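The values are calculated or read from the model by the stated rules, or taken from the named source; none is laboratory data. These numbers were taken from a predicted model, which means no experiment stands behind them. We place every Cβ from the backbone using ideal geometry, glycine too, and count neighbours over all the protein chains shown. The area values use the complete protein model at the heavy-atom level, side chains included, leaving out ligands, DNA and RNA. Shrake-Rupley method; radii C 1.70, N 1.55, O 1.52, S 1.80 Å.
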Amino acid sequence: MIDPVILFFLLGAAAGLLRSELRLPAAVYELVTIVLLLSIGLKGGIELARQPFGALVPQMLAVVVMGFALALLAFPVLRYIGRLKRADAASIAAHYGSVSVGTYAVAVAYLGSREVAFEEHMPLLLVLLEVPAILVGIVLARGFSRGTRWGSVAHEVFGGKGIVLLMGGLFIGWIAGPDGLSSIEPLFFDLFKGILALFLLEMGLITAAQIGGLRRHGLFLVAFGIAMPLFSGLIGAGLGTVLGLSLGGTAMLATLAASASYIAVPAAMRMSVPDANPTLSLAASLGVTFPFNVLLGIPIYYSIATWIHG
Amino acid sequence: MIDPVILFFLLGAAAGLLRSELRLPAAVYELVTIVLLLSIGLKGGIELARQPFGALVPQMLAVVVMGFALALLAFPVLRYIGRLKRADAASIAAHYGSVSVGTYAVAVAYLGSREVAFEEHMPLLLVLLEVPAILVGIVLARGFSRGTRWGSVAHEVFGGKGIVLLMGGLFIGWIAGPDGLSSIEPLFFDLFKGILALFLLEMGLITAAQIGGLRRHGLFLVAFGIAMPLFSGLIGAGLGTVLGLSLGGTAMLATLAASASYIAVPAAMRMSVPDANPTLSLAASLGVTFPFNVLLGIPIYYSIATWIHG
Amino acid sequence: MIDPVILFFLLGAAAGLLRSELRLPAAVYELVTIVLLLSIGLKGGIELARQPFGALVPQMLAVVVMGFALALLAFPVLRYIGRLKRADAASIAAHYGSVSVGTYAVAVAYLGSREVAFEEHMPLLLVLLEVPAILVGIVLARGFSRGTRWGSVAHEVFGGKGIVLLMGGLFIGWIAGPDGLSSIEPLFFDLFKGILALFLLEMGLITAAQIGGLRRHGLFLVAFGIAMPLFSGLIGAGLGTVLGLSLGGTAMLATLAASASYIAVPAAMRMSVPDANPTLSLAASLGVTFPFNVLLGIPIYYSIATWIHG
Amino acid sequence: MESFTRKLLTIVTEAALETVLVQDVEKLGAHGYTITDARGKGHRGARSAGWETDANIRLEVVCDEPTAERIAAYVRDHYYENYAMILFISDVSVLRPEKF
Amino acid sequence: MESFTRKLLTIVTEAALETVLVQDVEKLGAHGYTITDARGKGHRGARSAGWETDANIRLEVVCDEPTAERIAAYVRDHYYENYAMILFISDVSVLRPEKF
Amino acid sequence: MESFTRKLLTIVTEAALETVLVQDVEKLGAHGYTITDARGKGHRGARSAGWETDANIRLEVVCDEPTAERIAAYVRDHYYENYAMILFISDVSVLRPEKF
Ligand SMILES: Nc1ncnc2c1ncn2[C@@H]1O[C@H](COP(=O)(O)O)[C@@H](O)[C@H]1O
Ligand SMILES: Nc1ncnc2c1ncn2[C@@H]1O[C@H](COP(=O)(O)O)[C@@H](O)[C@H]1O
Ligand SMILES: Nc1ncnc2c1ncn2[C@@H]1O[C@H](COP(=O)(O)O)[C@@H](O)[C@H]1O
Ligand code: NA
Ligand code: NA
Ligand code: NA
């Protein structure tokens, strides 16, 4: 049965496509995003408190390598099959090598309502996956030489809202542990799915607004926006199995791999690869891949994980 | 005993009348409104999932007729007794033929704290009642001929935040059913009365700001703003009884009939009957009828319903 | 063990000091503040419903005297040891004679997680303590004669958001009593600590932004910002014991005495003592005393109270 | 640095007009517009932006003189009578005349 | 299209002044005003609008020249010394001179 | 009341540029700036401020003519090609010339 949070996404998308007057104020979108990021970080941090950190290092390294690899694999497809400008191909590759916290949250809801457990330290991998693709994107667009100000790139990336709140949540969860957090559970855990519903309502509206960009830039982006996550999902599922993750964890890593960024990477690309057209990358990542993943992708990655694990 | 949410309304009104510095940011007002509209829709949708839709059709038709009738009855009073301009009379009539979601929410709280059950599909009737009076208002103001762009009127009405969120909530509740929604209950149901309290705090502030309009436009509006809802409440209670509604449902339909719009109708009138003075209609519907209904009306309609049912 | 809400404060401060892009929209800060103020008021009001008001009058008077006294004691220190301008000394004295609701909320969380009970009518004393220091500040800065418009001062003070919402909450809690409020508990009580966490995240960001003011104006403010609350805390603990408060109540009154205002007083001083430099007072009260109290002060005041009571 | 003179047309009006007004100015030849949320007071009373019905917007269009005149005339004829609205025009210099 | 010259007076200052400032400008003869929320930086440091104490407003008044001068002089005498504030005046043309 | 002529430079651009742009204008000699949040439409399409990536800012600087020219030239060279942006300059009179 379809999860109600998905219905909120469809409601937002329908309202957007039918040009209704419905808008969420930017401040509401921010509040909802902040609470989601903190919740996800806290959940992950609690788990970190439970196990030796050292045991996670191999997973962490593998996942970082995957982030580099996915961006590097996407680039030639975009550049030579899609015939995109170098900057655009690099920027889109960075989006797809990185991850989407919104998609992750929907996968949490999906597995939750099926009562499938997964390794709760996933948010740590989520944070790690945000970064490598950004570096790949910048290097692909501008090479190593052209005086990239890496200091300000690092500041841009690590100072962004997404990473600060996820990392902050992880730390707080880690230090406070499950008992310490019980007093803030009502806001950050009990309301999680309700707030996710509001978030997806807004995401539906935002997604609908990207369709214009899509119409102007051809079918290639649609094809890429569906094929790339399916491919990445397979890679993620494979890696998850090799790393010995549970069924849920494997589905989760597949979803992370398949998801495309629309917060951290667009901001970083805008500053560091300004000649890339943001309309293209957002049309692909928000207009195609996000709805695809939310509506069809997550169940598919879960099936893939079940099949591999079976 | 007085419901605490009413006390929040009084607090807001007092703060407004005493010119305190208290303001709720517009974004907070929007968030609170959005959550209330979705909650109400979801509650109604769950109920729709439980019963054959066909059985509701007679009620739905009757209620639409009531919406037309109330607006048509209000118009001559406003035009000939109140001596208002044609456009103003038409616009105010439309406000009173339509409904107020805020008033409905207070009635839900009222019946809830008395543990009086009512037909949970009420929100469906609420949505249906929003529309007919708007049509009446436009036709009364401009006639059928004067090139009204009905397409854009329809877009205005059905694309407005209120109807989109109520209808969206109804659909989601209908499809997901009570079990599906349990995960989003903490936000949309458990917090309902707390959020209603914040909403009423703001409504108190807004109401207080309408008093100026009232002072400038005489006693007629005050009299109309109290007499009309009493009359409509009687009609609503009668219709509820005829339709075989329960005691709670009858009180609810009386409240709906008695309430006057301050979101959907003002927006529609502003675009379609621009020569109507919005200060007048808001002074009546927000400055008089809303506080009257919230403080005295709802208990009165409940008594009427009890008396008819007794 | 450290309370997780404190960790949110540290996260915000770290993000601010590292110049991250993290910002909370002003509307979110307002929403969070409004809910906290109402919660605190409501909690206090419930308690007022339980006991004869008359019994509290001596405490109320004593606390008002303390507010006057603390501001009067702070002034000469600021003026003659700190060599501040008359207006600045008066304004800062007013900040320290008054109270900080945010600090109070953290103390509630602190005692709560240690399961230490305290007199629940504390919020009444909190409201009372806001005012006297403001009067002292104005008189110290301008004397009695210079045509202060006391009417508009009163309006400024009693019409401010903080006092309106605290007093409003107290009244509503008083009238509705514990049973009446049960329906709005999920928002105002269950979410309290989660919302406090968001508030402290923002306070961390704000605090970090005050450090600049501090750097420009020397070490005296740092010393004062730590010594003054320790001194006031001692006075508060002593008074609490004399008034026969419980251990928790004594710790609470010490915390109130030690806390410095950053909402009501800055606004009042800006209008009534405009020649005082707000950078100075905020650097002291927000940049030094707030973090000191939240991180170290509250445990210290609790130890003092334990020691006196032991 | 060569620069060119254009007109800056500013309209302050009810937020409810936003959708139709931007359609109007585009139809009348504007190549773009900028909107900020506003509150204020005028002949139709205070509009304090506490809620949607009560909010203003401030719309700016940089354009050539004929377009500014066209928009001003249109807006005067269609909205002055029934809506809270002010409009004013000033001279600005821009670097890329073809853009406006 | 006949148009008339008026003054546009713009003040950027601390949000805390809003209530008194609008009273002042009305008392000094303005027929209306428009306010937007703002942030910024100047001689009194950065005001980044993260919370109430730290926010600016941007107040605009369209009026005739004597009124603009009156407001400017009043504001200079009463607020320049103690408040974060800038004020500037420009020429605008309007269609309804009687409104301003 | 003596008054002095200065330039008011207004830039409307993507919110993402805020941090670097204010560094630029300060480096180029501005003594202050004012920012308001905005939305709008131009050659790079609609920017409706529904979320961060989609929002505009409106940056104002009051300064002397050389500074205005310097900022305009810098901004044109560095941002016109790749960012949604407009810039315009007008004359304003101020009371305290030393401030700008
Ligand atoms: N003289 C004025 N100066 C600046 N803004 C004004 C002026 N008059 C009116 N406004 C703005 O324009 C809106 C509509 O004006 P009105 O149609 O006069 O009510 C008001 O709400 C103000 O925001
Ligand atoms: N040169 C300037 N250009 C534009 N806005 C300014 C300028 N100087 C100051 N401001 C604005 O006016 C406010 C008060 O300025 P000040 O009194 O110089 O601190 C600042 O916070 C800015 O928003
Ligand atoms: N002709 C115009 N008048 C006023 N604002 C404009 C105009 N053109 C563009 N803008 C604003 O400048 C931003 C960037 O413009 P553009 O680079 O043309 O997309 C737009 O999003 C609008 O907010
Ligand atoms: Na990915
Ligand atoms: Na009605
Ligand atoms: Na104190």
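So what does E:Arg58 come to for accessible area, using a 1.4 Å probe and Å² rounded to 10?
The accessible area of E:Arg58 comes to roughly 10 Å².
May I ask you to evaluate 6.51 cos²θ - 1.76 cosθ + 1.60, the Karplus curve with θ = phi - 60°, for each residue of the range B:157-170 and list the ³J(HN,Hα) values in order in whole Hz, giving x for glycine and proline?
Taking θ as phi minus 60°, the curve returns 6, 7, x, x, 3, x, 5, 4, 6, 5, 5, x, x, 4 Hz for the range B:157-170.
Step through the residues of the range B:23-31 one at a time and calculate ³J(HN,Hα) from phi using the Karplus curve (6.51 cos²θ - 1.76 cosθ + 1.60, θ = phi - 60°), rounding each to whole Hz and writing x for Gly and Pro.
9, 9, x, 4, 5, 5, 4, 5, 4
Quick check on the range C:6-151: take the gyration tensor over C-alpha atoms, sort the square-rooted eigenvalues as a ≥ b ≥ c, and tell me if it's rounded (a/c under 1.5), prolate or oblate.
Since a/c reaches 1.5 but b/c is at least a/b, the shape of the range C:6-151 is classed as oblate.
Every other copy gets compared here: list the nm distances from the A:Arg215 label point (7 Å along Cα to Cβ) to its counterparts, shortest first, one decimal.
Once sorted, the set of distances for A:Arg215 reads 5.2, 5.2 nm.
Explain nothing, just the number: dipole magnitude of the protein assembly as shown about its Cα centre with +1 on each Lys and Arg Cβ and -1 on each Asp and Glu Cβ, in debye rounded to the nearest 20.
That gives the protein assembly as shown a dipole magnitude of about 1460 debye.
Classify the range C:1-80: rounded, prolate or oblate, from the alpha-carbon gyration tensor (a ≥ b ≥ c, eigenvalue square roots; a/c under 1.5 rounded; otherwise prolate if a/b is larger than b/c)?
Since a/c reaches 1.5 but b/c is at least a/b, the shape of the range C:1-80 is classed as oblate.
Closest approach to the B-A rotation axis by any Cβ of B: residue and distance in angstrom?
Residue and rounded Å distance to the axis: B:Ala27, 2.
Using only the alpha-carbon atoms, how far is helix F:18-27 inclined from the longest principal axis of chain F? Give it as 0 to 90 degrees, nearest 10.
The angle comes out at about 30 degrees.
Nearest 100 Å², what total accessible surface is buried between chain D and chain F (probe 1.4 Å)? Walk me through the numbers before you get to the answer.
Values: alone 6440 and 6400 Å², together 10930 Å².
When D and F are taken together, about 1900 Å² of accessible area is lost.
Given a 1.4 Å probe, how much area per residue of the range D:4-93 is accessible, in Å²?
Using a 1.4 Å probe on heavy atoms only, each residue of the range D:4-93 averages 37 Å².
Calculate the radius of gyration of the Cα atoms of the range A:4-308 to one decimal place, then report Dmax, the largest Cα-Cα distance, as a whole number, both in Å.
18.2, 54
May I ask you to rank C:Lys85, A:Lys43, A:Lys161 by accessible area, largest first, using a 1.4 Å probe over the protein chains only? Please list the in-between numbers first.
Values: C:Lys85 110, A:Lys43 90, A:Lys161 20 Å².
Ranking C:Lys85, A:Lys43, A:Lys161 by accessible area, largest first, yields C:Lys85, A:Lys43, A:Lys161.
Could you work out the mean count of beta carbons from other protein chains within 10 Å of each residue's beta carbon in B:202-213?
Mean inter-chain Cβ contacts per residue within 10 Å come to 2.
Before we go on, tell me the buried accessible area for the A/B pair, both chains summed, 1.4 Å probe, in Å² to the nearest 100. Write out the running numbers ahead of the final one.
Values: alone 13190 and 13220 Å², together 24410 Å².
Counting both chains, the buried surface is close to 2000 Å².
Quick one: accessible surface of F:His78, probe radius 1.4 Å, all protein chains present, in square angstrom to the nearest 10.
Probe radius 1.4 Å; accessible area of F:His78 about 100 Å².
Order the following by accessible area, largest value first: B:Trp150, A:Trp307. Probe radius 1.4 Å; ligands, DNA and RNA are ignored.
Ranking B:Trp150, A:Trp307 by accessible area, largest first, yields A:Trp307, B:Trp150.
Using only protein heavy atoms and a 1.4 Å probe, report how much of A:His121 is accessible, in Å² to the nearest 10.
Approximately 10 Å² for this residue.
Whenever you get a sec, line up D:Met1, B:Met122 from highest to lowest accessible area (probe 1.4 Å, protein heavy atoms).
If we order D:Met1, B:Met122 from most to least accessible, we get D:Met1, B:Met122.
Between copies, how far apart are the C:Pro299 label points? List them in nm, one decimal, shortest first, with each point 7 Å from Cα toward Cβ, please?
5.3, 5.3
Would you work out which of A:Leu253, C:Gly204, B:Leu295 lies farthest towards the positive end of the dipole of the protein assembly as shown, given +1 charges on the beta-carbon of Lys and Arg and -1 on that of Asp and Glu, about the Cα centre?
Of the options given, the answer is C:Gly204.
Per residue of A:163-176, what is the mean number of Cβ atoms on other protein chains within 10 angstrom of that residue's Cβ?
Numbers: counts 3, 8, 5, 0, 2, 10, 3, 0, 4, 9, 2, 1, 5, 7.
Going residue by residue through A:163-176 and averaging, the value is 4.
Can you work out ³J(HN,Hα) from phi for every residue in the range B:42-59, in order, using Karplus 6.51 cos²θ - 1.76 cosθ + 1.60 and θ = phi - 60°, giving whole Hz and x for Gly and Pro?
4, 4, x, x, 4, 5, 4, 5, 8, 9, x, 4, x, 4, 8, 4, x, 4
At 222 nm, what value in deg cm²/dmol follows for chain A if DSSP H runs of at least 4 each add -39500 (n - 2.57) and the sum is divided by all its residues, to the nearest 500?
Calculated from helices alone, the mean residue ellipticity at 222 nm is -23500 deg cm²/dmol.
Over the range F:4-93, what relative contact order in percent results from Cα pairs under 8 Å that are six or more residues apart? Write down the numbers at each step before the final one.
Details: 146 pairs, mean separation 44.3, N = 90.
Value for the range F:4-93: 49 percent.
Once the label point is set 7 Å along the Cα-to-beta-carbon vector, what list of distances in nm do you get between B:Ile81 and its counterparts in the other copies?
7.4, 7.4
Assuming a ≥ b ≥ c are the square roots of the Cα gyration tensor eigenvalues, decide whether the range D:4-93 counts as rounded (a/c under 1.5), prolate (otherwise, with a/b larger than b/c) or oblate.
prolate
Under the definition of partner shielding as Cβ atoms of other protein chains within 10 Å of a residue Cβ, what is the mean value for peptide D:90-98?
Per-residue shielding by partner chains comes out at 6.
Given Cα pairs under 8 Å that are at least 6 residues apart, what percent is the relative contact order of chain A?
Numbers: 496 pairs, mean separation 98.7, N = 310.
Relative contact order, chain A: 32 percent.
Using the Kirkwood radius built from alpha carbon pairs, what does the Stokes-Einstein equation give as D for the protein assembly as shown at 20 °C and 1.002 mPa s, in µm² per second?
Rounded to a whole number, D works out at 67 µm²/s.
Could you state the angle between the C-alpha long axis of helix D:65-79 and the longest principal axis of the C-alpha atoms of chain D, as a value from 0 to 90 degrees rounded to the nearest 10?
Helix D:65-79 and the main axis of chain D meet at about 20 degrees.
Relative contact order for the range B:1-139 using alpha-carbon pairs under 8 Å, separation at least 6, rounded to a whole percent?
33
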